[in-house]
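Colleague: The structure follows.
Every number in this text was worked out from the coordinates using simple rules, so none of it is lab data. Everything numeric here is computed off the predicted structure, so don't read it as measured data. Neighbour counts run over all protein chains shown; Cβ positions are idealised from the backbone, glycine included.
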Amino acid sequence: MNTEVAALDMRGVRRTFEAENAPVRALRGVDLAVGGGEFVALMGPSGCGKSTLLNLVAGLDVPDEGMIAVAGEQVTGRSEDDLARLRRRHIGIVFQFFNLLEGMTVLENVALPALIAGRKRRMAETRARDLLDLLGIGDKAGTLPGVLSGGQRQRLAIARALANEPTLLLADEPTGALDSEGGSEVIELLRRLHAGGQTIILVTHDADVAAAAKRLVRMRDGRIVTQPEPAAADPGSAEPAAEPAAAEPAAAEHAAAEHGPGVRADTR
Ligand SMILES: Nc1ncnc2c1ncn2[C@@H]1O[C@H](COP(=O)(O)OP(=O)(O)OP(=O)(O)O)[C@@H](O)[C@H]1O
Ligand SMILES: [Mg+2]
């Protein structure tokens, strides 16, 4: 964990997509800083720009305006090769639908990013084994991903994202395709990774999932609407009155989770 340099620093980030009728202003000036070791949940209505934000942070897409730095290194204004190197070193990304390589064993899936990054096979596989043990699927190393449960598949995807010890773990609705048991497994894992110092940004539509994070960032129409401090003293005044409860009751639940036991029975 590095507390000197922010894990993520975004300033004035804008991204507009050309569409058939009118341009879509997916991000309209986003400022966001995430410190080393933070666990941030990003919530907001469909289409508000959450995945766009993660893609920009990961260097998979380029902003029209603004600055993005990960671990003090500029993501913006780099060559493709340079960006790929930065991504390998600093970014682990997990998606809703796993993106696993079905023809490779569980172990090979996890070892691959380190091999691509130029590590020796022995080292890559040793680290992969350690990760699989840590994530509770060490006994599945030799099998194909197809035989795993949904929760196990997502844990495998997370193990793979952690292969190069990234500064930032980005997760885009990692429980979106899972049943409640699989979702609970993944939340529990993210909690443990955070306890071990991993910086995490988690996009979710699910308030129970967001409650695992220590800070909630809400987006709407391409902007961040509130950015409560980690230890907001008065959750009642932390949200502006404009936030309708019907849209997503996450903030209240999240605040409750921060101030009480908060862990629901079904998240173990
Ligand atoms: N490559 C693209 N080309 C054109 N429009 C895009 C592209 N990617 C995203 N958009 C548009 O930008 C807006 C933000 O999309 P984004 O995927 O970031 O939303 P989101 O908050 O992740 O939504 P969801 O919760 O449904 O995943 C949407 O209106 C979307 O249609
Ligand atoms: Mg999305």
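Colleague: Is it fair to say L54 is under 14 Å from the mean Cα position of the chain (by Cα), under 20 Å from M219 (Cα atoms) and away from ligand 1 (no atom under 16 Å from the Cβ)? Steps first, answer last, please.
Modeller: Values: under 14 Å from the mean Cα position of the chain (by Cα): yes; under 20 Å from M219 (Cα atoms): yes; away from ligand 1 (no atom under 16 Å from the Cβ): no.
When the stated conditions are applied, L54 does not pass them.
Colleague: Of all the residues that make up segment 155-208, how many are among the hydrophobic types (A, V, I, L, M, F, W, C) and farther than 15 Å from V34 by Cα? Steps first, please.
Modeller: So the first thing to find is which residues in segment 155-208 are among the hydrophobic types (A, V, I, L, M, F, W, C), and the list is 156-159, 161-163, 168-171, 177-178, 186-187, 189-190, 193, 195, 200-203, 207.
Filter once more, so that each one left must be farther than 15 Å from V34 by Cα: 156-159, 161-163, 177-178, 186-187, 189-190, 193, 195, 207.
Selection size over segment 155-208: 16.
Colleague: For the subset of segment 50-83 comprising residues that are touching a residue at least 24 places away in the same chain (Cβ under 8 Å) and small (G, A, S), which member is farthest from G142 (Cα to Cα)?
Modeller: Going through the qualifying residues, I end up with G66.
Colleague: Assigned to a loop (DSSP other than H, G, I, E, B), within 16 Å of ligand 2 (Cβ to nearest atom) and surrounded by 22 or more Cβ atoms within 10 Å (Cβ to Cβ) - does that describe any residue in segment 27-48?
Modeller: Kept after step one, since they are assigned to a loop (DSSP other than H, G, I, E, B), are these residues of segment 27-48: 35-38, 44-48.
With within 16 Å of ligand 2 (Cβ to nearest atom) added as a condition, the list becomes 44-48.
Within this subset, residues satisfying the condition of being surrounded by 22 or more Cβ atoms within 10 Å (Cβ to Cβ) are 44.
Yes: one or more hits.
Colleague: Something else about it: Being within 14 Å of ligand 1 (Cβ to nearest atom) and within 22 Å of A171 (Cβ to Cβ) is true for just one of P23, P63. Which residue is that? It would help to see each step written out before you state the result.
Modeller: On the way: P23 fails: within 22 Å of A171 (Cβ to Cβ).
Answer to the selection: P63.
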